[in-house]
Amino acid sequence: MRSPGSAYYNEIDPYLCNWLRNLIAAGLIPPGDVDDRDIRFVCADDLRGYGQCHFFAGVGGFAYACRLAGWPDDEPIWTGGFPCQPFSVAGRQRAQADDRHLWPELRRLIASARPALFVGENVAGLIALGLDGVLADLEAEGYASRAVGVPACAVNAPHLRQRVWIVGRRLADRSSERRQQVARGALGDEVADAGRAAADHYQFASGGEVSLADRDGERSGEARRLCGRATQWPAGRGEGGLEHAARERRREGRPQPAVRQWVDPTTDGAGGLGNADDAGSQGRIERWQRTGEWDAWQTSQTLAGRRVPESGIRLLADGISARIPKLRAAGNAIVPQVAAEILRALRG
């Protein structure tokens with residue numbers, strides 16, 4: 001018998017399932033059940049009685065974000081950072097032709113169970129390769145849908161990690177006119193507020209705000225901006241221009257110190273991470289989690305018109321157990337602090 005408001009976590013990786021169970025036992029994420037089945041074998045009846053449902057749960061980033069945002073454990077919400085490999089620049093970007101494209105399975109469950117609220121996440125490559133379809137699917141099922149691009153550094157994380165966040169709120173009236181009115185009205189304002197709150201800390205190199213994607217032709221421009229297309233930098237040879245960016249990437253035409261002045265992370269006040277597992281590194285991470293401040297951003301160095309954090313991370317890490325699965329888990333994880341900003345706006 002499920003306890004009222006218990007959470008449901010769906011994750012196929014056994015290592016991550018154990019990680020989730022440990023987090024639940026430690027009280028860091030809402031109590032609930034971990035389902036290690038492939039999402040293709042999950043049906044709506046399996047989800048009855050659960051409050052929060054987190055698909056592709058990973059290390060529980062969305063569940064932890066709910067805690068950060070003050071989201072009650074028994075307040076219903078569905079989340080899903082569906083696989084990014086079909087859209088990532090690190091892969092072949094085969095999109096819907098990729099066997100790992102599992103958005104249709106998540107849509108199937110949303111259509112069957114009709115949760116009140118859905119929040120999803122994916123890489124910026126989704127904008128050009130599939131965002132239109134995702135939002136159209138949500139709207140077809142009677143959801144007001146909206147998307148916003150917010151990078152990790154918007155909450156002062158020491159890396160860019162450009163991501164698109166998708167919100168769908170179920171409408172009582174499924175008429176097309178009502179869906180479009182709400183999608184472009186109240187829900188858009190909520191998600192826009194979240195994006196602007198995070199953007200107070202960061203703006204894109206082009207000087208534009210983190211802006212919304214909608215179905216009125218604005219997505220194509222935003223897609224190029226978020227995906228790092230040529231429109232992100234003005235043409236020309238000057239600072240921030242395309243040729244300048246290319247030179248910076250190749251480290252040509254400028255001495256190394258002019259691109260990035262390395263600071264010895266073992267020196268007091270260096271502002272770097274130091275060894276990946278030393279006390280100073282852990283202290284800086286905990287400070288960022290607590291206050292949102294990161295010393296490594298205090299630098300005037302730029303690369304292709306962007307700020308470069310002086311992280312000081314060493315190239316080799318010694319003595320870290322299960323290093324490969326941990327790196328894989330971290331690489332697929334969301335930044336909970338970004339999701340928390342969106343959740344706060346939605347509760348607002």
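The values are calculated or read from the model by the stated rules, or taken from the named source; none is laboratory data. As the structure is a prediction and not an experimental result, all values here were calculated from the model. Quick reminder, even Gly has a Cβ in these numbers, built from the backbone with ideal geometry, and neighbours come from all protein chains shown.
Being free of Cβ contacts under 8 Å to residues at least 40 places away in the same chain, crowded, with 21+ Cβ neighbours inside 10 Å, assigned by TED's automatic domain parsing to the domain that holds VAL335 and not small (Gly, Ala, Ser), is that true of even one residue in region 120-131? No, every residue in region 120-131 fails to be free of Cβ contacts under 8 Å to residues at least 40 places away in the same chain, crowded, with 21+ Cβ neighbours inside 10 Å, assigned by TED's automatic domain parsing to the domain that holds VAL335 and not small (Gly, Ala, Ser).
If you filter region 136-154 down to residues that are part of a helix (DSSP H, G or I) and buried (at least 23 other Cβ atoms within 10 Å of the Cβ), you find that the one that is farthest from the chain's Cα centre (by Cα) is LEU138. Applying the condition of being part of a loop (DSSP other than H, G, I, E, B) and within 21 Å of TRP288 (Cα to Cα) to region 318-347 and asking which residue is modelled with the lowest pLDDT yields ALA333. Contact map, region 59-77: first residue closer than 12 Å to TYR9 by Cβ and touching a residue at least 24 places away in the same chain (Cβ under 8 Å), second residue outside any loop (DSSP other than H, G, I, E, B) and aromatic (Phe, Trp, Tyr), Cβ cut-off under 6 Å, separation 6 or more or different chains; pairs are VAL59/TRP19. Scanning region 48-86 for residues that are acidic (Asp, Glu) and over 20 Å from ASN22 (Cβ atoms) gives ASP74, GLU75. If you scan region 136-150, which residues turn out to be touching a residue at least 60 places away in the same chain (Cβ under 8 Å) and under 21 Å from ALA340 (Cα atoms)? Across region 136-150, the qualifying residues are ARG146, ALA147, VAL148, GLY149, VAL150. Among the residues of region 114-135, those that are in contact with a strand residue (DSSP E or B) (Cβ under 8 Å, 6 or more places away or on another chain) and assigned to a helix (DSSP H, G or I) comprise LEU126, ILE127, LEU131, VAL134, LEU135. Please go through region 88-132 and pick out each residue that is small (Gly, Ala, Ser) and in contact with a Leu (Cβ under 8 Å, 6 or more places away or on another chain). Of everything in region 88-132, those that are small (Gly, Ala, Ser) and in contact with a Leu (Cβ under 8 Å, 6 or more places away or on another chain) turn out to be ALA95, ALA113, GLY120, ALA124.
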